[in-house]
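The values are calculated or read from the model by the stated rules, or taken from the named source; none is laboratory data. Quantities reported herein were computed from a predicted structural model and do not represent experimental measurements. Heads up, the Cβs are rebuilt from the backbone with ideal geometry, glycines too, and the neighbour counts pull from every protein chain shown.
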Amino acid sequence: MKFDSVPGVLGGIVRERWNDYEGREYAPGPPRQRELRFKRAVRGGALALIAEVKRASPSRGAIAPLDPVEAARAYERGGAAAVSVLTEPRHFGGSPEALRDVSRAVDIPALRKDFVVHPAMLAEAAEWGASCALLMVSVLGERTHEFLEVAHHHGLDALVEVHDERELDLAMAAGAEILGVNNRDLTTLNIDLANAPRLIRRALDRGFQGALVAESGYERPEQLRDLQGLADAVLVGSALASSGDLERAARDLMNVTV
């Protein structure tokens, strides 16, 4: 599984992560009880915020020299239902320590945000305190179901991310319980805020009954109006991380008037 067919910016990052984990031993061990903390947190009724601890990104470069624990606590005070923690080191400034420290410091569930290419990464996510891990259909393709089962074996929820109709079909066939729709095309880094509402409606029309998350590109409350009554949660990274006042930014962003 070399990921040679994954194109663009995403492909380069994914192949780097594969080189990091290729040959890594993986022993599943006994199954862990699933607590469903992340899924329950993002389905609390009103549109929920998944706030991201994000120091850098390929599209923006350096964003802010955040202390992960201080950032996560600020997001929690600002009303976030969950926190997303980057663990990819080269392009996003993430680390295992960030996830470990955040998961101990806050009461809201943590998502391991990374480019999962090896089952050992899911075992790590559970060991480091995550309640959920990101699985990208653009990376895993037909193997999404296999990785979803591994995530569940380790007691994790899985945010299964899609960007287009084909990926949505694969995610639903794989049995995704939490579906994330990314507005950003990760091969070009272009954003289309119409993408999440469109694919979420398609999923609902096809009978999807799990949690629905819109991802990427949200900066202002008015941009969330199209998600009201449609999505369960929105994942926001750069706009919050670069704000200078994370608690206030989280609270202000979710002050949506329908």
Point to revise | Qualifying positions in segment 28-51 - surrounded by fewer than 12 Cβ atoms within 10 Å (Cβ to Cβ), farther than 21 Å from LEU253 by Cα and free of Cβ contacts under 8 Å to residues at least 40 places away in the same chain | key: PRO30
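Condition first: more than 27 Å from HIS118 (Cβ to Cβ) and of a type in the set (Asp, Glu). Can you find one or more residues in segment 31-49 that meet it? Talk me through it step by step, then tell me what you get.
Let us first name the residues in segment 31-49 that are more than 27 Å from HIS118 (Cβ to Cβ), namely 40, 43-49.
Now restrict to residues that are of a type in the set (Asp, Glu): none.
Looking for residues that are more than 27 Å from HIS118 (Cβ to Cβ) and of a type in the set (Asp, Glu), one finds none in segment 31-49, hence no.
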Revision key, fill the gap. Those helices (runs of 4 or more DSSP H) completely within segment 130-192 that have 3 or more residues that are not aliphatic (A, V, I, L, M) are 144-153, 165-174
Review point. Of the residues in segment 203-258, how many are surrounded by fewer than 13 Cβ atoms within 10 Å (Cβ to Cβ), part of a helix (DSSP H, G or I) and touching a Pro at 6+ places or on another chain (Cβ under 7 Å)?
Key: 0
Study note, to complete from the structure: For segment 130-185 the number of residues that are hydrophobic (A, V, I, L, M, F, W, C), in contact (Cβ under 8 Å) with a residue 60 or more places away in the chain and closer than 20 Å to GLU35 by Cα is 5
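Here is a check on your reading of the model: is VAL137 of a type in the set (Val, Ile, Thr), under 16 Å from the mean Cα position of the chain (by Cα), more than 18 Å from TYR26 (Cα to Cα) and crowded, with 22+ Cβ neighbours inside 10 Å?
Numbers: of a type in the set (Val, Ile, Thr): yes; under 16 Å from the mean Cα position of the chain (by Cα): yes; more than 18 Å from TYR26 (Cα to Cα): yes; crowded, with 22+ Cβ neighbours inside 10 Å: yes.
So VAL137 passes the test.
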Review point. Residues in segment 141-159 that are crowded, with 22+ Cβ neighbours inside 10 Å and in contact with an Asp or Glu (Cβ under 8 Å, 6 or more places away or on another chain): how many?
Key: 3
Exercise for review: Please specify each residue of segment 65-117 satisfying the condition of being modelled with pLDDT under 95, farther than 19 Å from GLU215 by Cα and surrounded by 19 or more Cβ atoms within 10 Å (Cβ to Cβ).
Suggested key: LEU66, GLY93
Exercise for review: State yes or no: is HIS153 touching a Pro at 6+ places or on another chain (Cβ under 6 Å) and either basic (Lys, Arg) or modelled with pLDDT of 95 or more (or both)?
Suggested key: yes
**Study point:** Filtered residues of segment 6-42 (kept if touching a Gly at 6+ places or on another chain (Cβ under 8 Å) and either polar (S, T, N, Q) or farther than 18 Å from ALA125 by Cα (or both))
**Key:** GLN33
Practice item. Assess whether LYS54 counts as being basic (Lys, Arg), surrounded by 22 or more Cβ atoms within 10 Å (Cβ to Cβ), within 18 Å of the chain's Cα centre (by Cα) and farther than 16 Å from ALA133 by Cβ. Key: yes
